[in-house]
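Below you'll find the structure, written out as structure tokens, and then a few comments.
The values are calculated or read from the model by the stated rules, or taken from the named source; none is laboratory data. Computed from a predicted structure; not experimentally measured. Using ideal geometry, Cβ is built from the backbone for each residue, glycine included, and neighbour counts are taken over all protein chains shown. All accessible areas refer to the heavy atoms of the entire protein, side chains included, with ligands and DNA or RNA removed. Shrake-Rupley method; radii C 1.70, N 1.55, O 1.52, S 1.80 Å.
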Amino acid sequence: MPVKVIHTKITTSITPGLESMTTVSSPQALFRALGLLRLLQLSSSCVAFSIVVHMEAWTGPMGNWCLFSWFFSFFVTLIILIVELSGLHSRFSKSWLEIPITCACYATLFCLTSSIIYPTTYVRFMSHGYARNQAIRASIFSCIACLAYGTEVIWTLERPGHGSSYMTTLPGMLKIMESFIACLIFAFLSNRYLYGHEPALEWCVAVYSISFILTMLVILPTLGNFTITFPNFLRSISFICVLLYSTAMVLWPLYHFSEGFRGQPNREKDSSCGGSYTVCSWDRKLTVAVLTGANLLLYTFDFINYG
């Protein structure tokens, strides 16, 4: 008895308007929702950066952090627009799913911290006048940039089919947060005198560096479409970072705030904590301690998530 084979052809189609939500693929697409959002990101970060540079309204490591944040956000958005408008993204379409959302997440966090740090460490100490008004405008544009990048992140997460991108998953978002907090810690540790006098504190800096490198070993291959699919390997990295950060969580506050270890528990005794444009030493030490605890929680949650 002859057997009849029926071939069924399954076709998939892109939801109308979905392509315009993922890339700005033509000059006309600049006037659609995503294109207008990218232009807002580009212009607001550029204006914030330009105002501060023109007025020379920044100083110290925290001012450098804010300038870097705005320039980084502007630069990556400009590169993304150039790549998408030129059509180059189609040559590596799979890996391109990861790049815009990763850059948007980092830009959101960078602009968010700058919107807090710049007004609190610089603007509030300025005398009333034209320069202060310009600095306030820069802060406002920084907030606008943060909202614009945050909107893209939320938009991407709510878009149908976003699960095909690793960086939009919970582990991916945790990796971004962990690496960003490490960068913020490095910014507050820009002066060696905060840790160079004690081997235990130097170990803490090594902890931050090693954990950051391990985290980037997961993020960077993902951006190149080489997603690590070994849960045990990822779990091991998270576990190592939990152990490392646990030691830093004990040693950093102990050697900075305990009198028994020549620490300084009282902020009032720190002569650098007067009215100035810089974050004083005691505040930096406390901020690093808080950020250490935050990253320890993130790595712990990351480890549990792989369990």
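Checking the stated criteria, Leu244 turns out not to satisfy the condition of being surrounded by fewer than 16 Cβ atoms within 10 Å (Cβ to Cβ), hydrophobic (A, V, I, L, M, F, W, C), outside any loop (DSSP other than H, G, I, E, B) and modelled with pLDDT of 95 or more. Please determine, by comparing only the residues of region 161-187 that are of a type in the set (S, T, N, Q), under 13 Å from Glu98 (Cα atoms) and assigned to a helix (DSSP H, G or I), which one is least open to solvent (accessible area, probe 1.4 Å). Ranking the qualifying residues of region 161-187, first place goes to Thr168. His197 meets each of the listed conditions (1) free of Cβ contacts under 8 Å to residues at least 12 places away in the same chain; (2) in a helix (DSSP H, G or I) apart from (2).
Glu158 fulfils the conditions (1) of a type in the set (D, E, K, R); (2) under 30 Å from Arg32 (Cβ atoms); (3) open to solvent by less than 40 Å² (accessible area, probe 1.4 Å) except for a single criterion, (3). Would you be able to tell me the number of residues in region 50-77 that are open to solvent by 60 Å² or more (accessible area, probe 1.4 Å), within 18 Å of the chain's Cα centre (by Cα) and either closer than 30 Å to Tyr193 by Cα or touching a residue at least 12 places away in the same chain (Cβ under 8 Å) (or both)? So the answer is 3. Of everything in region 190-204 that is touching a Phe, Trp or Tyr at 6+ places or on another chain (Cβ under 7 Å) and open to solvent by 10 Å² or more (accessible area, probe 1.4 Å), the residue that is nearest to Ile117 (Cα to Cα) is Glu202.
Residues being assigned to a helix (DSSP H, G or I), closer than 26 Å to Met216 by Cβ and at pLDDT below 95 are represented in region 133-153 by at least one member. Applying the criterion of being part of a helix (DSSP H, G or I) and of a type in the set (Gly, Ala, Ser) to the residues of region 103-132, the residue that is most open to solvent (accessible area, probe 1.4 Å) is Ala131.
I'd like to check something: does region 161-182 contain any residue that is within 30 Å of Thr222 (Cβ to Cβ), among the hydrophobic types (A, V, I, L, M, F, W, C) and without any contact (Cβ under 8 Å) to a residue 24 or more places away in the chain? Scanning region 161-182 turns up no residue that is within 30 Å of Thr222 (Cβ to Cβ), among the hydrophobic types (A, V, I, L, M, F, W, C) and without any contact (Cβ under 8 Å) to a residue 24 or more places away in the chain.
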